[in-house]
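The values are calculated or read from the model by the stated rules, or taken from the named source; none is laboratory data. Bear in mind the structure is a predicted one, so any value in this text is a computation, not a measurement. Using ideal geometry, Cβ is built from the backbone for each residue, glycine included, and neighbour counts are taken over all protein chains shown.
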Amino acid sequence: MAILQRSSTYKAEGVVLSRRDLGDADRIVTFFTREFGRRRLVARGCRRPTSQFAPHIELFSRVRLVGVVGANLDVLTQAQSLETYPRFRDDLTAFAAAGWAVELLDGLSEDGEAEPDAYSALTAFLSALNQRTADPEPLLSALALNLLDQHGYAPELWRCTVCGAAIQPGAHAFAPRTGGVVCSDCSHDNASHSLGIDTLKTLRFIAHDGLAGAARLRADPRTRAELRTALRAYATSVVERDISSAHILERAGAGSAPRPAPGA
């Protein structure tokens, strides 16, 4: 992993995770970079009408940047857009799914720790999500499961996380605090969310086939709602803070016509 010294200049490719106003004209921009992981940089004067930075640091944009390491915060000296994902500007569900993804990654990441696999997963997700025909929620589920797995938090989907018994067809649930599914006997004593058989099959399928499999799915409304609830609760438990974009995604609702659930 590259070590950056104070006042050194560096180049990187990154995705804009968030922005926060600073003073009258500046912004603190958080990037998730391929080379250095999460980094926060000050974009001087970017809120002025004449700023050259403003068009290149939109939320979720993939950017080539040049920064200078500072005592407290790095300073952004150059930025060039590489990919801007126009769907997110007028599709609330896609925008919310992108926001959900970057909030999760921000919560899982540490400043300055390179995670090239996580970066590749994020950019592949954003590119897939930008396709007008793509259903955002299965893609988001695939990315969430991928990122959680990369950081050591893959949920258990095959055995009860309380008693260890193999999950049998029938009634079962998802318990965020125990790290995955629980059988019908154990679900009553643990804070859990109902999980229909089609939802569990879908989770297993997405965990195995990733984005490619998720792109072929059209979940029915019940499965969609259960996926949304279970993954939001689990992600919140892992990162120990609310995923605020999840509220927008819930209000936006389902997007596509259902297809049959995959086999387990």
Which pairs have Cβ atoms under 8 Å, sit 6 or more apart or on different chains, and link a residue in the stretch 219-246 that is at positive phi and in the same structural domain as Arg177 (by TED's automatic domain parsing) to one that is among the acidic types (Asp, Glu) and surrounded by 20 or more Cβ atoms within 10 Å (Cβ to Cβ)?
none
Selection within the stretch 17-43 - free of Cβ contacts under 8 Å to residues at least 40 places away in the same chain and among the β-branched types (Val, Ile, Thr):
Val42
Pick from the stretch 173-200 the residues that are modelled with pLDDT under 85 and not in a helix (DSSP H, G or I): which of them is surrounded by the most Cβ atoms within 10 Å (Cβ to Cβ)?
Ser192
When you scan the stretch 68-88, do you find a residue that is assigned to a loop (DSSP other than H, G, I, E, B), in contact with a strand residue (DSSP E or B) (Cβ under 6 Å, 6 or more places away or on another chain) and modelled with pLDDT under 95, even just one?
yes
Name the residues in the stretch 3-16 that are closer than 16 Å to Pro116 by Cα and modelled with pLDDT of 60 or more, would you?
Lys11, Ala12, Glu13, Gly14, Val15, Val16
Among the residues of the stretch 204-222, what is the count of those that are modelled with pLDDT of 90 or more, in contact with a Pro (Cβ under 8 Å, 6 or more places away or on another chain) and under 13 Å from Glu137 (Cα atoms)?
4
Counting only residues that are crowded, with 19+ Cβ neighbours inside 10 Å and in contact with a strand residue (DSSP E or B) (Cβ under 6 Å, 6 or more places away or on another chain), which one in the stretch 106-121 is nearest to Ala233 (Cα to Cα)?
Ser109
For Arg132, indicate whether it is surrounded by fewer than 20 Cβ atoms within 10 Å (Cβ to Cβ), at pLDDT below 95 and within 30 Å of His208 (Cβ to Cβ).
yes
Might you let me know whether the stretch 181-195 holds any residue that is of a type outside the set (Phe, Trp, Tyr), within 22 Å of Val15 (Cβ to Cβ) and touching an Asp or Glu at 6+ places or on another chain (Cβ under 8 Å)?
no
Do you know which of the residues in the stretch 144-166 that are under 20 Å from Thr229 (Cβ atoms), of a type in the set (A, V, I, L, M) and more than 12 Å from the chain's Cα centre (by Cα) is surrounded by the fewest Cβ atoms within 10 Å (Cβ to Cβ)?
Ala154
Does the stretch 159-172 contain at least one residue that is assigned to a helix (DSSP H, G or I) and at pLDDT 90 or above?
no
